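S.K.: Here it is, the structure in full.
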Amino acid sequence: MTAPERLNGAEALIKSLEMEGVEVVFGYPGGAILPVYDPLLDGKLRHVLVRHEQGAGHMAEGYAHATGRPGVCIVTSGPAATNIVTPLADAMLDSVPMVCITGQVSLGAIGTDAFQECDTTGITRSITKHNYLVTRAQDIPGVVREAFHIATTGRPGPVLIDIPKDLVDANNPDSYFDFDWPEVPELPGYRPVLTPRDDVVTEAVDLMLAARRPVLYVGGGVLKARGANVVLELAEMLGIPVVTTLMARGAFPDDHELCLGMPGMHGQFTAITAIQECDLLVAMGSRFDDRVTGKVATFAPDAKVIHVDIDPAEHGKVRLPQVAVAGDCRIVMELMVEEIKQRGPEAQADIAPWRQKVSGWQEKYPLTYKQSAPGEGLKPQYVVERLRDLSPADTIVCSGVGQHQMFASQYWKFNYPYTWINSGGLGTMGFAVPAAVGAKVGMPDRTVWAIDGDGCFQMTAQELITASIERIPIKVAIMNNGNLGMVRQWQQLFYDERYSEVELGQDLPNYVQWAQSMGCVAFRVEETSEVDEIIERANAINDRPVVVEFRLVEEENVYPMVSAGASNSDVIVDPSQQAALEAERAAKATDQSSDGFPTSIADTHQNASS
Amino acid sequence: MNPNRELSHHTLVALVENRAGVLARVTDLIARRGYNIISLAVAPTNDDSLSRITIVVDVEKAPLEQIVKQLFKLINVIEIAELAPADAITRELVLATVEFTPENAAALDDVLARAAGHVLVQERTETSLTVSAGGSSAQIDALGAALSVFSVVHFQRTGQVALPKLGQSVPIMRAR
């Protein structure tokens, strides 16, 4: 038995992080957190000095997405805390495990409008899974233990620890105590349910075996549960078509014959339509986000729903399920696989006609775009395709928010889990560059591409300085169309082409010079013929960050598209396919389809009312 | 008083950890959805590491279920239930100060005498008195109505507290 170590609050904080197995923290020092930065010098933690606190938060998220381990950031009080509000909200909506430590003014100064004081726990209450204001130095180890436990278990999420300066101040005798690393605490109000009730699993399997038109609707919860291998086993066992949401790209291989791609507003026609026409929707760690459902009342109108989620509050939040399964997706799927095996292959209804119908849609309405003519600028879809084909198969792709995000999700082939990192729920522009830095720190041997928009890039580009100085060789593709492309698309389609404040211009800033000034190797690509060569050169650089500016056509819309508030059955496809689709819809509306499936809810309603 | 109040008024009872900030977490969650809290009562239980919160909210049944689930997700909430009026014992306390004149003193005494079962006069001067009254929310409403013909200076209600009736199987969400 060694004598307990006498530490002060700051030393105890660093030691607690080390005890939790933290290897890297993303941070930025300042007044109230100063005492914590002193023992940091003597510890084993790697500290990545960011250029803006928002960057620290998104790096912690990128690190967590890529590794599955909690991302950690440390910033000071006041403006630093408010700067990290966006990443916290982002992590909350996308269930990212993250622990954020903020400095606070001394206990006695709280509430006095002290310098750099803000009510951090109050501000972040609704955008964290839990938060703490520490009031005694000796509570620090226990709070850190609890914070990591809460951030990483159940439905993961961000946890914030606000620490007043005097508790970590080496000059304050009251900040010293005998360090004791506690057991994971018993929290009376927090016991996530991981294992589902047997009877609901049986009920779910009954429906899955009886379904004639099933779809497996895989969400980010499958990735959080490390369940990609089990979802593959389950899908193959049943031959059930799979859609992967924006948060679940890579949870099921895009190249698999059962994969229909992404559902939702800019999803693939087949993914959207299969959901509309299925008789059983198996939601696995997905949350019926409005970008997936479109108009809820007409979403998957004929489907019974099985909803598997570790968070029971998701059950019935949007759509009332016939069977609600509360539990960890991986555990639930393992039990399902077991039970389906026991019942034997003859227990399943024939879904061959359904599979055939689905393949028919895939053949008829694949993703498509028209290549640009020389001198016109590049097509974003083409750039994503070439990046995809010329980069290693396990490349990690990070994106910002907007058209480029949708093109990246659509045209990349995600065949491995944890290779797609984006801001799905909050839709945070500027996410890509810092998230890529975090991902690369966590996965240094992998190629990391940030596919970013020009608008997004301008929001957080300064983190490339961090990347250069810290030797974090990420790659950034700026999809420069000189516009806020997604907003422009909406103004074109829904605001009568009245373009209001969407034009950024392609020439300012000079991205190449800007990137070079931040220590990056930089290229500009203007012609389709140059794309491959520059991507190959970018991929060959592995000792510093690379930025490639792709000069795009100014106007290119993302298709397919479901208009806001519209039914998914009214999805608009690429202009080259739309006429055929409308002809098909018209024919089906007058002539009830011979195979007995109503082709869409719109048709069903028309038939019912005529 | 709205005779239909019980249709949209629901009572939530939550057992929570008795810690700084827990009440704010609970009320924030209700406030961010724009729902009004009709009354709120909170105090430690016989175990002072725990508090019991009773909240009466003006919310329809469906959104309330979602609120209850969200409240249950709060780390410091140990158990929570929604009590239908028929399944609950509810009580509320009020302190009221009323001014009177020589002309209407007798009428006031008459009102107090009729409510003698649950009204106690705590203090009395020549021109005013303070009473306490405990009872169901309906009884407190009735007392308020009866006193309104006098000059009511203060009418301070505690907000309702509630417990499930004995033998009622109220569905309680509880951390296992």
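The values are calculated or read from the model by the stated rules, or taken from the named source; none is laboratory data. Remember, predicted model here, so these are calculated numbers, not experimental data. Backbone-built Cβ (ideal geometry, glycine too); neighbour counts: all protein chains shown. Just so you know, the surface numbers come from the protein's heavy atoms only, side chains and all, with ligands and any DNA or RNA stripped out. Shrake-Rupley method; radii C 1.70, N 1.55, O 1.52, S 1.80 Å.
S.K.: How would A:Arg249, B:Arg52 line up by accessible area, probe 1.4 Å, largest first?
M.R.: Values: A:Arg249 5, B:Arg52 75 Å².
Listed by decreasing accessible area, they come as B:Arg52, A:Arg249.
S.K.: Moving on. Karplus couplings for segment A:308-321 from phi (6.51 cos²θ - 1.76 cosθ + 1.60, θ = phi - 60°), rounded to Hz, Gly and Pro as x?
M.R.: Couplings: 9, 7, 6, 9, x, 5, 6, 5, x, 5, 10, 10, 6, x Hz.
S.K.: Please give the FRET efficiency for A:Leu493 paired with A:Met19, using the beta carbon to beta carbon distance and R0 = 51 Å, rounded to the nearest 0.05. Mind dumping the intermediate values first?
M.R.: Numbers: r = 54 Å, r/R0 = 1.06.
That gives a FRET efficiency of 0.40.
S.K.: While we're on this one: Rounded to the nearest 10 degrees, what's the angle between the helix A:432-442 long axis and the longest principal axis of chain A, both from Cα atoms, 0 to 90?
M.R.: 70
S.K.: Put +1 on the Cβ of every Lys and Arg and -1 on every Asp and Glu Cβ in chain A; which of A:Pro70, A:Leu504, A:Ala313 then has its Cα farthest towards the positive end of the dipole?
M.R.: The residue sitting most towards the positive pole is A:Ala313.
S.K.: Tabulate in residue order the Karplus-calculated ³J(HN,Hα) for segment A:107-122, using 6.51 cos²θ - 1.76 cosθ + 1.60 with θ = phi - 60°, rounded to whole Hz; enter x for Gly and Pro.
M.R.: Per-residue couplings from phi come out as 3, x, 8, 4, x, 9, 6, 5, 4, 6, 9, 8, 7, 4, 5, x Hz.
S.K.: Could you point to the residue in A:Val24, A:Val48, A:Ile272 farthest towards the positive end of the protein assembly as shown's charge dipole, with +1 and -1 charges on the Cβ of Lys/Arg and Asp/Glu respectively?
M.R.: Most positive-ward Cα: A:Ile272.
S.K.: Kindly rank A:13-25, A:465-477 from highest to lowest mean number of other beta carbons found within 10 Å of each residue. Spell out each step's value before the answer.
M.R.: Working: A:13-25: 19.8, A:465-477: 22.0.
Top of the packing list down: A:465-477, A:13-25.
S.K.: I've got another one for you. How big a patch of accessible area, both sides summed and in Å² to the nearest 100, lies buried between A and B at a 1.4 Å probe?
M.R.: Values: alone 23970 and 10270 Å², together 32660 Å².
So the total buried area for this chain pair works out to about 1600 Å².
S.K.: I need to check one value: relative contact order of segment A:97-184, counting alpha carbon pairs closer than 8 Å and at least 6 residues apart, in percent. Present the calculation step by step, with values, prior to reporting the outcome.
M.R.: Working: 146 pairs, mean separation 35.9, N = 88.
Contact order relative to length: 41 percent.
S.K.: Under unit Cβ charges (Lys, Arg +1; Asp, Glu -1), what dipole magnitude, rounded to 20 debye, does chain A have relative to its Cα centre?
M.R.: Charge dipole, chain A, about its Cα centre: 320 debye, nearest 20.
S.K.: Less than 20 Å from a label point 7 Å out along the Cα-to-Cβ axis of A:Asn229: which backbone N atoms in segment A:377-413 qualify, by residue?
M.R.: A:394-395
S.K.: Please give the charge dipole size of segment A:198-350, origin at the Cα centre, charges +1 on K and R Cβ atoms and -1 on D and E Cβ atoms. Round to the nearest 20 debye.
M.R.: Details: 14 positive and 23 negative charges, 110 e Å.
Dipole magnitude for segment A:198-350 comes out near 540 debye.
S.K.: Suppose a student asked you for the relative contact order of chain A, using Cα pairs under 8 Å spaced at least 6 residues apart; what percent would you report? Display every interim value, and only then the final one.
M.R.: Details: 1351 pairs, mean separation 82.3, N = 610.
It comes to 13 percent, rounded to a whole number.
S.K.: Mind checking B:14-24 for the average number of partner chain beta-carbons within 10 Å of each residue's beta-carbon?
M.R.: On the way: counts 1, 2, 2, 3, 0, 0, 3, 6, 1, 0, 3.
Rounded to a whole number, the mean comes out at 2.
S.K.: While we're here: Helix B:22-31 versus the longest principal axis of chain B: what is the Cα-based angle in degrees, 0 to 90, to the nearest 10?
M.R.: 90
S.K.: Roughly how many Å² of A:Phe177 are accessible to a 1.4 Å probe, to the nearest 10?
M.R.: A:Phe177 has an accessible surface of roughly 20 Å² with all protein chains in place.
S.K.: If you take each beta carbon of peptide A:183-190 and count the beta carbons of other chains within 10 angstrom, what is the mean? The partial results should precede the final answer.
M.R.: On the way: counts 0, 0, 0, 0, 5, 11, 16, 7.
The shielding value for this peptide is 5.
S.K.: Okay, next question. Across all directions of projection, what mean area in square nanometres is found for the Cα convex hull of the protein assembly as shown?
M.R.: Details: hull surface 171.2 nm².
Mean projected area for the protein assembly as shown: 42.8 nm², to one decimal.
S.K.: How do the peptides A:202-212, B:116-126 rank, highest first, by the average count of neighbouring beta carbon atoms within 10 Å per residue?
M.R.: Working: A:202-212: 18.5, B:116-126: 12.0.
Ranking the peptides A:202-212, B:116-126 by packing returns A:202-212, B:116-126.
S.K.: If you take every DSSP beta bridge fully contained in chain A, what fraction is antiparallel? Give it as a percent rounded to 5. Spell out each step's value before the answer.
M.R.: Numbers: 6 of 70 bridges.
Percentage antiparallel, nearest 5: 10.
S.K.: Taking the 0 to 90 degree range and rounding to the nearest ten, how far is the long axis of helix A:228-238 tilted relative to the main principal axis of chain A, both from C-alpha atoms?
M.R.: 20
S.K.: Along segment A:365-372, what does the Karplus equation 6.51 cos²θ - 1.76 cosθ + 1.60 (θ = phi - 60°) give for ³J(HN,Hα), rounded to whole Hz, x for Gly and Pro?
M.R.: For segment A:365-372, the Karplus curve yields 10, x, 4, 8, 7, 9, 5, 7 Hz.
S.K.: Rolling a 1.4 angstrom probe over the protein heavy atoms, how many square angstrom per residue are accessible across the protein assembly as shown?
M.R.: On a per-residue basis, the protein assembly as shown sits at 42 Å².
S.K.: Roughly how many debye, to the nearest 20, is the charge dipole of segment B:89-161 about its Cα centre, given +1 on each Lys and Arg Cβ, -1 on each Asp and Glu Cβ, and no other charges?
M.R.: Details: 4 positive and 8 negative charges, 60 e Å.
Dipole size: approximately 280 debye.
S.K.: Using R₀ = 25 Å, calculate the FRET efficiency as 1/(1 + (r/R₀)^6) where r is the Cβ-Cβ separation of A:Arg537 and A:Asp394; round to 0.05. Walk me through the numbers before you get to the answer.
M.R.: Working: r = 21 Å, r/R0 = 0.82.
That pair, A:Arg537 with A:Asp394, gives E of 0.75.
S.K.: Inside 10 Å of the C-beta atoms of A:125-132, what's the mean count of C-beta atoms belonging to other chains?
M.R.: That average works out to 3.
S.K.: Still on this model: Summing +1 for each Lys or Arg and -1 for each Asp or Glu, what net charge is found among the other residues whose Cβ lies under 13 Å from the Cβ of B:Leu23?
M.R.: Values: positive: A:Arg125, B:Arg19, B:Arg25, B:Arg52; negative: B:Glu17, B:Asp28.
Its environment carries a net charge of +2.
S.K.: Give me the distance between the Cα centres of segment A:283-350 and segment A:184-247, rounded to whole Å.
M.R.: Going from one Cα centre to the other spans 7 Å.
S.K.: Can you compute the helix-only [θ] at 222 nm over chain A? Use -39500 (n - 2.57) per DSSP H run of at least 4 residues, normalise by all residues, nearest 500 deg cm²/dmol. Please list the in-between numbers first.
M.R.: Numbers: 25 runs with 235 residues, N = 610.
Dividing the helical sum by the residues of chain A leaves -11000 deg cm²/dmol.
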